[in-house]
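First up is the structure itself, then whatever we jot down about it.
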Amino acid sequence: MPINLHALSMLLVLSGLISQPVLAAESSTDTLLRGAKKWVEKDRADIAKTMLKKAILLDPNSQEALYMMGRIELKDGKSDEATKYLHKLKQTAPGGKRTQELNDAIYGKVAPTLKAPTASFVKPAPSLQAPTTSFIKPAKPVTKLKVATTKEAQSKQVKQIKKSKQTEPELSPKVDKIDADEAAVRLANDPDIIARTDALDALADGNIDQAETSLLDIIKRRPNDPEVIGGLGLVHQKRGNFIESEKYFIQAVAAAQGEESEAGRWESLIGTARFSQYMTNAKALLNENKLPEAEAAIEQAIALKPGDPDTLAVRGNIKTEENNFPEAERLYREALKIEGYNSFATRGLANLLVRMGRSEEALSFIEQVLNDYPNEWRKSPYSQASLLREAGNLYIAAHQPSYAVKAFEQAVSVDPKNPWVRFSLAKHYISLDLIPLARGVIQEGVNLSPDDPAMHQVQALVLLSLDDYKGALDSLNQIPENQLTQDLRETKNSALIKYYSQQANEKIAQGNRKEAMHIMSVAQTLAQGDYSATEQVAEAWFRLDQQKLGLAAMRALPQPAPLQTQVRFASLLNRAKQDQDLEAYLPTLRIPEGNDDTSKKYRASIQEIEFAMAGRHYDKLIKAGKTVQAQQFADTIMNANQLSTSDYFRFHRSYFSKAQLPENAIAMLNQEKEQSPDDMNIRYELAHAYSQDKQSSNSQREIQELLAMTKSDDIDMRLRIAGLQQSVGDSNGARLTVRDLTTRFPNNTDVLFQAGNIARSSGKYNQAMRYYQKSKAQSLQPQATNDTVIVSEQGPLLNLLPKSQDKRATKPIALVSNKESDSIYRSALAGDTNKAKPQTAGLSAVDEAMNSIAAQRSAKIEAGLDIQSKTAGNGTSTYNSIEVPMLARFPIGYEAHGTVQVDKVSIDAGSLPATFNDAALFGKIHITQTPLAAPLAQTASGTSIGLGYEQSGVKADIGLVGQGFPVRNVVGGIRTGGDFGGLSYSLSLSRRPYTGSLLSYAGAKDPISGITWGGVTNTGLSLYMSTTLGDFNVSGMGSYGLLRGQNVLNNSRLYLRAAIDTDIYTTDDSVLNIGLSASYTSFAKNQAFYTFGHGGYYSPQSSLSFSLPVELSGRADLLSYQVRASVSYSRTREDAAVFYPTDAALQAQAALGPNFPPGNSQAIYQGGTGGGFGYGLLAATEYRLTPNFALGGRFTMDRSAYYAPNNLFFYGRYMFNPETGAVKMRPEFVTPYAQY
């Protein structure tokens, strides 16, 4: 719940902790007493004494005034002065309570501590931290001085001021006691005196601006009043303007004119101001890492206050930065002996203990200090909150996140307007995946301090850590331009560059590379000269595969660059595989030899780069076939480095045992396993290596051993094992592993996600979506850690989830180009090699998986125009067709799709000539022995309709081909497939039309008898299998089918094919593949002819062919392409066939002749052998015009003896859900139903 201050005040009033204001009028003495008590409460006895003296002047018998003066003098060690006030009290009130209390205090008896009574006018001590403002000049009558740097100069200044005041009249002549009393009464009732008191009260309450305004007004009428002049000095002191405050205190000393106590007070404040200035200088120099200068400044402060604990603590900070830890610890502990709750020393010692590896001791120390001095810490909320923040950090280091939450939340409660305390709490919430709470605690801070630039900066930093760059910029834009520090400007610039990078990623994901490059060109101009920002830009260029631009941006940075940037540049050179540049650059790096974490991290990064370079050289030797030389090189590199056993194996396995040689990795991992048999990561890598090497039994053995070693509640490792089981083809094992986890951890997001992955890989998309949706729902809920986070018994201390969020309107961030960014953009376009990978912007793994499944549900409509042309015998083997396929595909749930396809078909085989010799071998014309009356056009047109269903690797369809053809056929098929071990397979049963000629496809009508024949279908079973052997893809296929047609001789077909291919050149956006295939085809009967009873399709009794295809496929921006060329060689054998195979009587009549077509001496087609060389070409392309619409085309041709078909195909596709990301590597065509 939010802290309701009004309700809290009422509660305290009702509890008696705060009294209601007394409305009765106060006397002048009461006014002075009230002010004095307030200054006592604020530990400013010097100011209180002045007011008490005036109160005693007005009322010499005031017991309260006499008692307070006595106690103050006693506290200052002036027992004689205290005794004087005791005598006056005894004369005024011999038996009074205050008289007895002061007597007991002076003569050794226990007396109550002097404190302000709990009257209504007593307020809590305000924070002493004041905002910084500009200096306001005093009124003209005040002499302006330069700061005196020595006591001699100071004395001269004071004498000069006193001399100038000798001619000024006395404020009140002191003739006798009556006149003095009258003067004191007049003074107390003077409006300016009352205003002065109110101004000083306002200053004490922290209302600095109000106090300054009032004092500047009063000084116009009382230019020589030391209280007013000194008050202005206090104003500047609270603002941290110590030089200006010292000037005012010097003038206040001169204005005191012989009042020793008053002058002494301002003289002491001169020293305080100078001391504060030295301390401020020392801290600033320390922050700038100017340690010798900081040491000199703190020595000046120590000279003024030798025993001050703050000076000792700051000097301890300096020694810490000098790595002189023993001396730093001595100084901190010496400071704490003087003041056990000193905030500088406490925080300094805690941090030092952490740096020295004594975190537990540091945590115990902080807890003890907070417990020993609770009241002192409460007086300074800032210090208490800072110390609690330190404790929270130590609890995190000690793996006690719930205690850290309590510490951070208590810190926020103590100092709710402290932005950095809120930042620590928010970051800890984020680490616990409590994102809404993190946003809430920062938003609450912004609501409390909407004008605090630091609070907006903290909010921006938190949002940046959540990748909410737009939100971070919105927050930073709330800070006025004149309040932006250099640090804030750098944060804002960094946020803008990250925002642009995020926008570029989104454009890449949408397939819009050009706009992504445009955005990054602008970002690069913003980052110039900024090391961190330029590193971000370079990373973005690398994501766009524009390594040259990324490296160029890094090279353009001012030199010498920080070591962090130099190491980052080396890592980018490594990623770009610029080994020649690395060989020259790495020796220039100067990595410190220290054992601090940063130096060790840099050395590890460079070592990783050096091994990566060596690994690339090793790969070159392996590819060149120099295996022995490669192994010798690897041994030399490994032995040249002093490596731990684990690093030795890791580097060897990472860089010298590549995937193409998994047996090397297996041997190395087995050695590691012998040395570290309980290392589960090694076991995991070994199982994976066995899987890569196709050693399934060994892989399964290692997996089972790994499962036995893994604790049942080790969720991370068991999920990794399940993923490994899935990758090696053990889907059932993976399901069992994850099922056990889901039973015991039903709400664990990682378990649910992996269960979804397994269901998805099995094609169970509905089940997968249910798992993903539950995982996502759970991720939006606060998750408990192993160390359960309990904020408090009643709930959070703060209202971290406010009902009304800040809904301020924000302007879109404009992309502003300039000449320089345009030049960079042109360079990017010119050098773009289109290698960007499809990316997702800011999506979780669950969202990506859900989007992937949802994308599969997308509906689409496709249409094409298929033009085929083959010129041969007119009216028979000539084949010209136009097909217009139209397909609608729609989702059925998440697992299935349905299709409806309607194709319009038009076939033209030319006109059958009228002459007997040209027409005799068609139908029954030979029997007539006479020519046709006229040429006979051979055409057909019709419609094909198909319905399809796809689910989980099963695809089925049924339809009608050729409605309107002479012969129509019901066709269809069912196909299933999957993986078995390292093999992929596809098994299908189908009935499909034969489309090689008009006769085989549509059927024809005999011009003599009017009988229809043809319309051949192939009903058969086929099996396809494939696997990989190293870099080669190997596949095999076999099919057997029964060929049937109307009034056509039954036939059968056997087809076998084997192929091997490999990618000889591969990038992210292009693949060049070469292969070799061999196929064998055998038909039982030769049915290649067009007389009645034949099918009109090529059907050799044996055909053996070899083909060598070369294919280039890829993409360029929104264009995909495919080019293939092949050469082939074949040998065939065809048996002889009778003219009329289905009718013996008709064949007997045909044998009588007497006339036979040219080339035939009897009614038999002659058989024989043949073959030869051929070639084929294919060129296809597709372009995504919009995210919803694509157009494409394809051209194919084949050339061999007596066979020369051409095909031209155009198509368009409309996607109801827009396609984003890079286009696919090959065009995707709509397939006419007859060609399934």
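What residue, of THR1231, THR1196, is assigned to a loop (DSSP other than H, G, I, E, B) and within 23 Å of PRO993 (Cβ to Cβ)? Give the steps one after another, and end with the answer.
Numbers: THR1196 fails: assigned to a loop (DSSP other than H, G, I, E, B).
So the residue among THR1231, THR1196 that is assigned to a loop (DSSP other than H, G, I, E, B) and within 23 Å of PRO993 (Cβ to Cβ) is THR1231.
Within segment 342-376, can you find the residues that are part of a loop (DSSP other than H, G, I, E, B) and either under 16 Å from GLY316 (Cα atoms) or polar (S, T, N, Q) (or both)?
So in segment 342-376, the residues part of a loop (DSSP other than H, G, I, E, B) come out as 342, 356-358, 373.
If the condition is that a residue be part of a loop (DSSP other than H, G, I, E, B) and either under 16 Å from GLY316 (Cα atoms) or polar (S, T, N, Q) (or both), then ASN342, MET356 are the ones that fit.
Residues are listed down the side, and each one gets a yes or a no for (1) more than 27 Å from PRO891 (Cβ to Cβ); (2) at pLDDT 80 or above; (3) touching a Leu at 6+ places or on another chain (Cβ under 8 Å):
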residue: VAL738; (1), (2), (3): no, yes, yes
residue: SER761; (1), (2), (3): no, no, no
residue: TYR765; (1), (2), (3): no, yes, no
residue: ARG770; (1), (2), (3): no, yes, no
residue: GLN773; (1), (2), (3): no, yes, no
residue: LYS776; (1), (2), (3): no, yes, no
residue: GLN783; (1), (2), (3): yes, no, yes
residue: ASP787; (1), (2), (3): yes, no, no
residue: LEU797; (1), (2), (3): yes, no, no
With the requirement that a residue be within 39 Å of the chain's Cα centre (by Cα) and part of a helix (DSSP H, G or I), what does segment 317-335 give you?
ASN317, ILE318, LYS319, THR320, GLU321, PHE325
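Per-residue answers, yes or no, for (1) without any contact (Cβ under 8 Å) to a residue 24 or more places away in the chain; (2) assigned to a loop (DSSP other than H, G, I, E, B); (3) buried (at least 18 other Cβ atoms within 10 Å of the Cβ):
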site	(1), (2), (3)
ARG1053	no, no, yes
LEU1056	no, no, no
ALA1059	no, no, no
THR1062	no, no, no
VAL1071	no, no, no
ALA1078	no, no, no
THR1081	no, no, yes
ALA1088	no, yes, yes
So which residues in segment 705-728 are of a type outside the set (A, V, I, L, M), farther than 23 Å from ARG760 by Cβ and crowded, with 17+ Cβ neighbours inside 10 Å, if there are any at all?
THR710
If ARG1133 satisfies every condition in (1) in contact (Cβ under 8 Å) with a residue 40 or more places away in the chain; (2) more than 28 Å from MET1215 (Cα to Cα) but one, which is the exception?
(1)
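Does segment 960-983 include one or more residues that are assigned by TED's automatic domain parsing to the domain that holds THR876, in contact with a helix residue (DSSP H, G or I) (Cβ under 7 Å, 6 or more places away or on another chain), β-branched (Val, Ile, Thr) and surrounded by fewer than 17 Cβ atoms within 10 Å (Cβ to Cβ)? Give the derivation first.
Going residue by residue through segment 960-983, those that are assigned by TED's automatic domain parsing to the domain that holds THR876 are 960-983.
Narrowing the set further to residues that are in contact with a helix residue (DSSP H, G or I) (Cβ under 7 Å, 6 or more places away or on another chain) leaves 961, 981.
So of that shortlist, the ones also β-branched (Val, Ile, Thr) come out as 961.
Still in the running and surrounded by fewer than 17 Cβ atoms within 10 Å (Cβ to Cβ): none.
No: zero hits.
Does ALA303 satisfy the criteria of being in contact with a Pro (Cβ under 6 Å, 6 or more places away or on another chain) and of a type in the set (A, V, I, L, M)?
Values: in contact with a Pro (Cβ under 6 Å, 6 or more places away or on another chain): no; of a type in the set (A, V, I, L, M): yes.
So ALA303 fails the test.
Taking the stated definitions as given, is THR1081 closer than 22 Å to GLN1046 by Cα and of a type in the set (Ser, Thr, Tyr)?
no
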Which numbered condition trips up THR899, out of (1) farther than 30 Å from PHE1089 by Cα; (2) surrounded by fewer than 16 Cβ atoms within 10 Å (Cβ to Cβ); (3) polar (S, T, N, Q)?
(2)
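Could you count how many residues in segment 688-704 are within 17 Å of ASN732 (Cα to Cα) and not β-branched (Val, Ile, Thr)? Break it down into steps so the answer makes sense when it comes.
Looking only at segment 688-704, we keep the residues that are within 17 Å of ASN732 (Cα to Cα), and these are 691, 696-697, 699-704.
Still in the list and also not β-branched (Val, Ile, Thr): 691, 696-697, 699-702, 704.
Total satisfying the criteria: 8.
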Selection from segment 1194-1211 of residues surrounded by 16 or more Cβ atoms within 10 Å (Cβ to Cβ) and touching an Asp or Glu at 6+ places or on another chain (Cβ under 8 Å) yields PRO1205, ASN1207, PHE1209, TYR1211
Among the residues of segment 1094-1109 satisfying the criterion of being of a type in the set (A, V, I, L, M, F, W, C) and under 13 Å from GLY1171 (Cβ atoms), which is surrounded by the most Cβ atoms within 10 Å (Cβ to Cβ)?
LEU1104
Exactly one condition in (1) in contact with a Gly (Cβ under 9 Å, 6 or more places away or on another chain); (2) of a type in the set (Ser, Thr, Tyr); (3) touching a residue at least 40 places away in the same chain (Cβ under 8 Å); (4) buried (at least 16 other Cβ atoms within 10 Å of the Cβ) is false for SER1113; which is it?
(1)
What single numbered condition from (1) in contact with an Asp or Glu (Cβ under 7 Å, 6 or more places away or on another chain); (2) in contact (Cβ under 8 Å) with a residue 60 or more places away in the chain; (3) of a type in the set (Val, Ile, Thr) fails to hold for ILE218?
(2)
Selection within segment 473-491 - closer than 29 Å to PRO436 by Cβ and either polar (S, T, N, Q) or within 18 Å of the chain's Cα centre (by Cα) (or both):
LEU473, SER475, ASN477, GLN478, THR491
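In this structure, does ILE958 turn out to be hydrophobic (A, V, I, L, M, F, W, C) and within 60 Å of the chain's Cα centre (by Cα)? So that I can check it myself, show each step before the final result.
Details: hydrophobic (A, V, I, L, M, F, W, C): yes; within 60 Å of the chain's Cα centre (by Cα): yes.
Considered against the rule, which asks whether it is hydrophobic (A, V, I, L, M, F, W, C) and within 60 Å of the chain's Cα centre (by Cα), ILE958 comes out as yes.
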Can you confirm whether segment 887-896 contains a residue that is within 23 Å of TYR1211 (Cβ to Cβ), in contact (Cβ under 8 Å) with a residue 24 or more places away in the chain, surrounded by 15 or more Cβ atoms within 10 Å (Cβ to Cβ) and of a type in the set (Lys, Arg)?
yes
Tally the residues that are touching a residue at least 60 places away in the same chain (Cβ under 8 Å), surrounded by fewer than 24 Cβ atoms within 10 Å (Cβ to Cβ) and closer than 20 Å to ARG378 by Cα, restricting the search to segment 410-442.
3
Please determine whether any residue of segment 458-472 is under 21 Å from the mean Cα position of the chain (by Cα), surrounded by fewer than 20 Cβ atoms within 10 Å (Cβ to Cβ) and under 24 Å from ASN818 (Cβ atoms).
yes
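Evaluate the following for THR1028: is it among the hydroxyl-bearing types (Ser, Thr, Tyr), closer than 23 Å to TYR985 by Cα and outside any loop (DSSP other than H, G, I, E, B)?
Working: among the hydroxyl-bearing types (Ser, Thr, Tyr): yes; closer than 23 Å to TYR985 by Cα: yes; outside any loop (DSSP other than H, G, I, E, B): yes.
So THR1028 fits the description; yes.
Within segment 221-244, can you find the residues that are of a type in the set (S, T, N, Q) and either under 14 Å from ILE270 (Cα atoms) or without any contact (Cβ under 8 Å) to a residue 60 or more places away in the chain (or both)?
Residues of segment 221-244 that are of a type in the set (S, T, N, Q), as a first pass: 224, 237, 241.
Within segment 221-244, GLN237, ASN241 meet the criteria.
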Residues of segment 517-531 satisfying the condition of being of a type in the set (Gly, Ala, Ser), in contact with a helix residue (DSSP H, G or I) (Cβ under 9 Å, 6 or more places away or on another chain) and without any contact (Cβ under 8 Å) to a residue 40 or more places away in the chain:
ALA523, ALA527
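Is one or more of the residues making up segment 717-738 touching a residue at least 12 places away in the same chain (Cβ under 8 Å), more than 25 Å from SER952 (Cα to Cα) and outside the structural domain of GLY953 (by TED's automatic domain parsing)?
yes
Can you spot a residue in segment 550-566 that is within 30 Å of MET1225 (Cβ to Cβ) and buried (at least 24 other Cβ atoms within 10 Å of the Cβ)?
Start the filter on segment 550-566 by keeping residues that are within 30 Å of MET1225 (Cβ to Cβ), which leaves 550-552.
Within this subset, residues satisfying the condition of being buried (at least 24 other Cβ atoms within 10 Å of the Cβ) are 550.
Within segment 550-566, one or more residues are within 30 Å of MET1225 (Cβ to Cβ) and buried (at least 24 other Cβ atoms within 10 Å of the Cβ).
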Expected output for segment 201-213 (first residue closer than 14 Å to ARG239 by Cβ, partner among the β-branched types (Val, Ile, Thr) and not in a loop (DSSP other than H, G, I, E, B), Cβ below 8 Å, 6+ apart or cross-chain) is LEU203/VAL235; ILE208/VAL235; ALA211/VAL235; GLU212/VAL235
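The values are calculated or read from the model by the stated rules, or taken from the named source; none is laboratory data. The model shown is predicted, which means the values in this text are computed figures rather than measured ones. Using ideal geometry, Cβ is built from the backbone for each residue, glycine included, and neighbour counts are taken over all protein chains shown.
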